[in-house]
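Worksheet: the structure to be examined is printed underneath.
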Amino acid sequence: MASRILFIISILVSSAISQGQQIQVVNSSDRSPIESVAVFNMSQEKAAITDILGMIDLSIFSGSDSIIFQHPSYLTKKFRGSDISTMQQIQLQRKRILIDEYVISASKYRESSMVIPYMVDVLKDSVLMESTGLTSADILVETGNIMVQRTQGGGGSPILRGFEANKILLVVDGVRLNNAIYRNGHLQNSITIDPSILQRTEIIFGPTSIMYGSDALGGVIHYYTKDPRMGTDSTTLVEAKAYMQYASALNGLSAHLDFSVGKKHWASLTSITYKNLGDIRIGSRRDSELGSWGEMLDYVDQVNGVDSTFSNENQLIQLNSGYSQMDILQKIRYTPSQYVDWILNLQYSTSSDISRIDKLNDYSGENLKYAQYYYGPQNRFLASLKNVLKKDNAIFTNMTTLAAFQRIDEDRYSRKFRNEELLSQLEDVMVFSLNLDLLKIWGAKHKLHYGAELNHNLVESKAWYDNINTGEQETAQTRYPEGGSHTWNASAYTSYKWIMKEKVVLNLGFRYNWGSMYSEFNNPLLPYDQINLYNGALSGSIGLVYSPSDRWQLNTILSSGFRNPNVDDYGKVRAKEDYVTVPNPDLAPEYTYNAEIGITRFIEDYLKIQLVAFYTYLDDAIVRTSYRLDGEDSLYYDGDLYKITANYNAGKAYIYGTSIGMTINLNNHFGLKGTFNYTKGYNLSDEVPLGHIPPIFGRASFSYRNKRFFANAYFLYQGWKHTADFSPFGEDNEEEAMEDGFPSWWTANFKVGYKAGKYFDLMLAIENLLDQFYKPYASGVSAPGRNLILSARFTL
């Protein structure tokens, strides 16, 4: 149905489009098309922008107009309309500048970072190709501004400004990944995105609910996969690329292949990636004060059908931390004219079982607490259809419609030591979404973004015990409501950008969201059998970008964000450490109010220093705290007695911090980069530290590159996270820390790459060069030791 609606809209709008003079704007050095070039006359009464192919229709201009072609990364050109009438191509020369970068995610259309008030990090294709990250969580460390927590080998939970899991928004190709069971602890779903097929990744820091709605409290991580490349009238474009990588600390191998075919009006891209990662070998050099912390001392195996505890003969190997994963992508693109673009996007990710290392390390007396604890194969399927219309009219300049379907399977299995019952908890989620995003441009100074979003989640939860000896089954407590859950969210937004003067850019925006949630229970532990929640949320932002000269830029923004409670917040039953979390039928949306200021200093084209400070106030923040059920503060669950906790609207909390970044291009070959991040948070209502707040951390690098060769030495570091700064409700994984907290650490790393011609690239990296032992903040698994990585890329 959605595809029919999209097709009808496309036909209706396309039928009103008349053919005019078409011209292509390209890069003068390699003739590649340039998207989002602003084209306008001297009075700025007539304006248009180039599309993704660099094409533009000049029929709105007359022969007497002076036509200006302007782009922040290229030198501006001006032509007389009469002179340009016979031209088919305009070539722009790229500036040698350090200060500018394209950003798509801030407004959902490409624009210069120089007009965006948010702090934004961009990982371009060139950076991603040189990254040693094995997952789409690992690559985020390249920014130096994101810390990644890992519960197990197949894990990676990004932390942005003290927000994590369901309080940051993950997006792939315009489709939000956050669903009704995204939890507030540590979330590993970003690893289901294949880093080998990414074109770019953008991270917006701070509340961005205006453009993205619920969940974007700490920011947005937007992954963009590659699109199929089109051919020409006379040429069929055929490309094949392959990639292989070996990592010694995991004895892991990754292999990737993608194949594309492009004709004039259609193109196809097929991608497949498989990785098989072994158990992690941790660093051998450790401070004597650490003792055996972070090592896996024992493991469980069966002897004659009986669970037995065995000593790990090589304690540098974290047993059961390995896993395998396969990712498949298929994109088909159809472009009947320069004004209409269709993209069908299919993605599938599946993994092997992934063991929970943090649980397999827990003891109960002299023996390990669990004999088995693992996630079943984590499956994610996505199908989306996107339509883009690119012709200026009274309603819009560009219009994008995106319909999507997702199916997610998350299964958990656990069995206690010498217990015959294997607990199986299976969660199935289906997500339907529809997005409409429009851009209207008036002249060269006014842009209006507006649109709407509809999102529907269906959740099914099942659980049972399997007797591993007899095969008998009996019902068990489900993680989420047994009778099923469904949620609806509908929202509308508008955002206005006014380039008031050459030095001042004003950004304004508002969004309203309405949500409903319904769940049915069949749980004798609970005093109710259903939960109904209805709520609305209004958010807004005002931002200012002021550039007094080409050497200074000042960004400031006041913004609010919101997050509707999801099924994981209000309907979950889950045990961890000494606590069991139970449902709370009275949850309401949580809000953030953010003030941020950024100062950037440029010196010519070789130095950029950026300082960003922020303060975020949380109102009705959803946090975990002590709770009573029918007057009782404890509950027997899965055979053990636990203290009861629940998520509730705590009332008041705050987070503040700063990020400092520096980029130096010493010349055309040598460069320096460095980052420093500090964050502090406090729960005012309970008068305790707020969870998920990372210690100081950052990254520093020194690089050399020429046409064929690059070398990069870089350092990662993290400060102490002391126990006194932990949340008392378990979010900081205190059981995985030492008595005093998570110790500070740093690592030295090095990588070199060589381009051996047009068809072959080779890269060699050594991570954790000194083989240091360390364990990142809140992680359940220790980090790899010295890791030799060999990567090879082939283009056929």
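The values are calculated or read from the model by the stated rules, or taken from the named source; none is laboratory data. Predicted model, so just to flag it, every value in this text is computed and none were measured. All Cβ positions, glycine included, derive from the backbone under ideal geometry; neighbour counts span all protein chains shown. For accessibility, only protein heavy atoms count, side chains too; no ligands or nucleic acids. Shrake-Rupley method; radii C 1.70, N 1.55, O 1.52, S 1.80 Å.
Could you work out the per residue convex hull volume over the alpha carbons of the chain, in cubic angstrom?
Convex hull of Cα atoms, per residue: 156 Å³.
Direction-averaged shadow area of the convex hull around the Cα atoms of region 542-671, nm²?
Details: hull surface 48.8 nm².
Averaging across all directions leaves 12.2 nm² for the Cα convex hull.
Keeping all protein chains in position, work out how much accessible area LYS241 exposes to a 1.4 Å probe, and write it in Å² to the nearest 10.
70
Against the longest principal axis of the chain, how steep is helix 2-15, in degrees 0 to 90 to the nearest 10, with axes from Cα atoms?
Helix 2-15 and the main axis of the chain meet at about 10 degrees.
My understanding is that a pair violates if its Cα-Cα distance is over 19 Å; which of LYS78/LYS447; LYS572/LYS643; LYS46/LYS77; LYS46/LYS391; LYS108/LYS226; LYS652/LYS721 do that in this structure?
Check vs 19 Å cut-off fails for LYS78/LYS447; LYS652/LYS721.
With each label point set 7 Å from Cα along the Cα-Cβ vector, what nm distance links MET42 and ASP125?
3.9
Using a 1.4 Å probe, how large is the accessible area of ASP409, given in Å² and rounded to the nearest 10?
For ASP409, the solvent-accessible surface is approximately 30 Å².
Using only the heavy atoms of the protein chains and a 1.4 Å probe, how would LEU538, LEU716 rank by accessible area, largest first?
The residues order as LEU538, LEU716, largest area first.
Roll a 1.4 Å probe over the protein heavy atoms and report the accessible area of TRP293 in Å², nearest 10.
For TRP293, solvent-accessible area is about 40 Å².
Any idea how far apart PHE709 and LYS680 come out in nm if each label point goes 7 Å out from Cα toward Cβ?
Taking the two extended label points, one gets 4.8 nm.
Summarise the accessible area of the chain (1.4 Å probe, protein heavy atoms) by the percent that is carbon and sulfur.
That share works out to 56 percent.
Sorted by accessible area (1.4 Å probe), largest first, how do TYR546, TYR714 line up?
The ranking, largest first, comes out as TYR546, TYR714.
Can you give the local net charge around SER384? Use residues other than it whose beta-carbon is closer than 14 angstrom to its beta-carbon, Lys and Arg +1, Asp and Glu -1.
Numbers: positive: ARG176, LYS331, ARG333, ARG380, LYS386, ARG407; negative: ASP173, ASP227, ASP341, ASP437, GLU453.
That works out to +1.
Tell me, what is the per residue accessible area of the chain in Å², probe radius 1.4 Å?
41
Below 12 angstrom from the Cβ of ASN314, what's the summed charge of the other residues (Lys, Arg +1; Asp, Glu -1)? Write out the running numbers ahead of the final one.
Values: positive: ARG281; negative: ASP279, GLU295, GLU313.
After counting each charged neighbour, the total is -2.
Tell me, what is the FRET efficiency for ALA756 and GLN88 to the nearest 0.05, using R0 = 35 angstrom and their Cβ-Cβ distance as r?
0.45
Tell me whether region 171-288 comes out rounded, prolate or oblate; compute the Cα gyration tensor, take square roots of the eigenvalues as a ≥ b ≥ c, and use a/c under 1.5 as the rounded threshold. Spell out each step's value before the answer.
Details: a/c = 2.90, a/b = 1.22, b/c = 2.37.
Note, shape of region 171-288 comes out oblate.
If TYR777, TYR606, TYR759 are ordered by their accessible area, calculated over protein heavy atoms with a 1.4 Å probe, which sequence runs from highest to lowest?
The ordering from most to least exposed comes out as TYR759, TYR606, TYR777.
Which distance in Å, rounded to a whole number, links the C-alpha centroids of region 490-518 and region 399-456?
Taking the Cα centre of each part, region 490-518 and region 399-456 sit 21 Å apart.
For LEU672 and TRP552, what does the FRET efficiency come to when R0 = 22 Å and r is the distance between their Cβ atoms, rounded to the nearest 0.05?
Efficiency, rounded to the nearest 0.05: 0.55.
So how much slack lies between SER311 and ALA588, counting 0.36 nm per residue of separation and subtracting their Cα-Cα distance, in nm?
This chain segment gains 94.9 nm when fully extended.
Expressed as a whole number of Å, what is the distance separating the alpha-carbon centroids of region 549-602 and region 243-320?
Going from one Cα centre to the other spans 32 Å.
With n ≥ 4 as the cut-off for DSSP H runs, can you work out [θ] at 222 nm for the chain, using -39500 (n - 2.57) per run divided by the number of residues, rounded to the nearest 500?
Here the helix-only value at 222 nm equals -1000 deg cm²/dmol.
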